[in-house]
Structures are given as C-alpha cells and as structure tokens.
Amino acid sequence: MKQFIAVFVDALRLLRARALFWITLGISAVAAILYLSIGFDEEGVTLLFGVSRFDSDYLRLGSPLAEMFYLGIFSMVIVNLWLSWVAVILALITCAPVFPEFMAEGSAGVVLSKPISRLRLFFYKYLAGLLFAFLQTAVFCLIVFLAIRLRVGTWNPSVFWAVPLIVLMFSYLWAVMVAVGVRTRSVMASVLASLLVWFGAWIAKTVEEYAWTAGELGEVPAAAGSMRLSESEQESWRDRYGMLSMAYTILPKTSDTVNLLQRLITVEGEQEFALSELLNLMATGEPERDDEVEAALERHSMGFIIGSSLAFEAVILAFAAWSFCRRDY
C-alpha cells in the first residue's frame, strides 16, 4: 500500500506542476457554478441566479417534473457534453506524460532499483491515472448532488452513478494511451492514438445504429426527417447487420457506457428517469413517454456494453504490461 501511495503522489506532483491541471479544475468549477445558477420559482425556471427566467406550467417550484428537468440538464448537457467529452479530453492530455516521462532515461530505473516488481509498478501507474479521473468526476458530482438539494429540495444519490461510468469510459481510452506511450515514449503519439480509437468507436456506433434502425424499424435518416424502406431493403439490412456491427462489438462502447446513466438515474428514488418523457416535454409541453425511444436506448444490455469494453481494455493493457516488463531501463 505504501508503494502505491508513493507512486500516486509522484504522479500527482507531475500533474500539479502542469498548468493544464489547474485549468481543468477551473473549468469544472465554472461548469458546476453555471449548473447551480439554474433554479425554479412559482412562475417557471430561472437562469444565472435569477438574472433571466422563462415561464412554464410544468417546470416551476414544487412541480414533480422540475427534478426530472434538472436531472435532464445534468444527464444530457453536463454529462454528455462536459464530463464525457471536454473533461475526458483534458484529462487525457493532462495524464498523457505520466508513462512517457516516467520511462525517460534513468527515471524508471531509480524506482525499479527498489523492491517492487515491474508488473506491480505498471498497474500502480495505471491506477494513478484512473484516480485522477475519479477525483475530478467525484468532486463535480458532489457539487451537482448539493445543487439538486438546493434547487429541487430532494436528495438524489443516483447522480453519483456518473462517477464509475465516466471513469470506465476514461479507462478505455487511458489503456490505449498507456500502451502507445509505453511503446513509443511519445506523448503526442499516445494522445493521437487514444483520440483515433475514440473516433473509431463513434463511427462504429453510428454505423451499427444506422444498420439496426434500417433493419428493425425500416427507417433511415433523410433530408426531410426519415425515409421508409421496402420489405426487401429492410431484410437486406438485417442480413448485413452482423458484418456492419463487428467493429462496434470489438471496440469500446464509449458513448453507450455514458448513456447507461439514463437508465440508472431515478427521480424521487423510485421513478426511472425517462429521456423520451423529458424530450417530449421540452418539444411539445406534454410529458409523454415514448416506449420506442426507450427500447432503442436499452436494446444493448449493461453487461454487453461494459463487458465487451472491458475485454478490449484487458487485451490492450496486457500488451502494454508485457511491453513495459520487457523493456530495458
């Protein structure tokens, strides 16, 4: 345990010495304050601590949909835009030098001269990067948890599901960054490789979703909304689905891992958070649940999404650990 703490403190010192570490924390604080500035009164929703407001019959102080709306902002805007994109990119760039600089001439040799195995040292360094992502996300979610209590009047611990999901999503990309960093000792190469895998996972997800929609629902996106397919075209898409979804199955499910939060967040501790209900509320003013939308969101099980992604991560980490242990220092 002492060895792990020493490795983690050393990695933390490296991160703190970089301006990007403090910039990331500063941006997180600004995003949390902006979220806290949204509130409710008897007439509707207030913004920027009451500077601006818009009236609503459904979203007002004491309304049963106020909490769902507030959680929707957290799930759809804060998580999907900030925590799973901007914050992850900043965390990857911040943590990128951890392995390349550690493996610089003489740095690793000093640590390896002490009674600690190479494999254990490798995983200690790897966990140090995950702890950085964990602390950043946990602090942010704590502020959100308190903001919900202040603005809506309820305690909702289900928002803390964002912590393990964001850390999981970060870990898929962090494993790629570590593997490339160990092999090349290049910060730039490791950052580009992780971003490339991330982009590839997004492309694979888009292709798989398009093929499933065409084959199962018989619709494809078009300039004027959507276009219906014939029975033969729909059958053709079903036949090709296995091939088109192969890359999605192999690559980590970055977006789907984060989207699991929509299944895990609850309103008032019992009612499941329904994204379709919130979307209909914002579009039409009627809080109607769209079962087709919910079924599409939940067509992949949580076990498949996380299990297949962790399998990808395990293969990449095994290769990285093997490369780290074989290298001369």
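The values are calculated or read from the model by the stated rules, or taken from the named source; none is laboratory data. Everything quoted here is computed from the prediction, not taken from an experiment. Neighbour counts run over all protein chains shown; Cβ positions are idealised from the backbone, glycine included.
Can you give me the number of residues within segment 281-317 that are modelled with pLDDT of 90 or more, of a type in the set (D, E, K, R) and surrounded by fewer than 11 Cβ atoms within 10 Å (Cβ to Cβ)?
Of the residues in segment 281-317, 0 are modelled with pLDDT of 90 or more, of a type in the set (D, E, K, R) and surrounded by fewer than 11 Cβ atoms within 10 Å (Cβ to Cβ).
Of all residues in segment 124-143, count the ones that are aromatic (Phe, Trp, Tyr) and either surrounded by fewer than 16 Cβ atoms within 10 Å (Cβ to Cβ) or over 14 Å from the mean Cα position of the chain (by Cα) (or both).
If we filter segment 124-143 for residues that are aromatic (Phe, Trp, Tyr), which is where we start, we get 124, 126, 132, 134, 140.
Then drop every residue that is not either surrounded by fewer than 16 Cβ atoms within 10 Å (Cβ to Cβ) or over 14 Å from the mean Cα position of the chain (by Cα) (or both), which leaves 124, 126, 132.
Looking only at that region, the number is 3.
Based on this model, can you work out whether ILE148 counts as modelled with pLDDT under 85 and surrounded by 17 or more Cβ atoms within 10 Å (Cβ to Cβ)? Lay out the reasoning, then the answer.
Details: modelled with pLDDT under 85: yes; surrounded by 17 or more Cβ atoms within 10 Å (Cβ to Cβ): yes.
The answer is yes for ILE148.
Which residue, of ALA11, ALA19, is closer than 26 Å to PHE132 by Cα, modelled with pLDDT under 75 and surrounded by 17 or more Cβ atoms within 10 Å (Cβ to Cβ)? Lay out the reasoning, then the answer.
Values: ALA19 fails: surrounded by 17 or more Cβ atoms within 10 Å (Cβ to Cβ).
Being closer than 26 Å to PHE132 by Cα, modelled with pLDDT under 75 and surrounded by 17 or more Cβ atoms within 10 Å (Cβ to Cβ) holds for just one of ALA11, ALA19, which is ALA11.
List pairs: first residue in segment 31-56 and touching a residue at least 24 places away in the same chain (Cβ under 8 Å), second residue part of a strand (DSSP E or B) and among the basic types (Lys, Arg) anywhere in the structure, Cβ distance under 7 angstrom, at least six positions apart or on different chains.
Close Cβ pairs satisfying both conditions: VAL45/ARG53.
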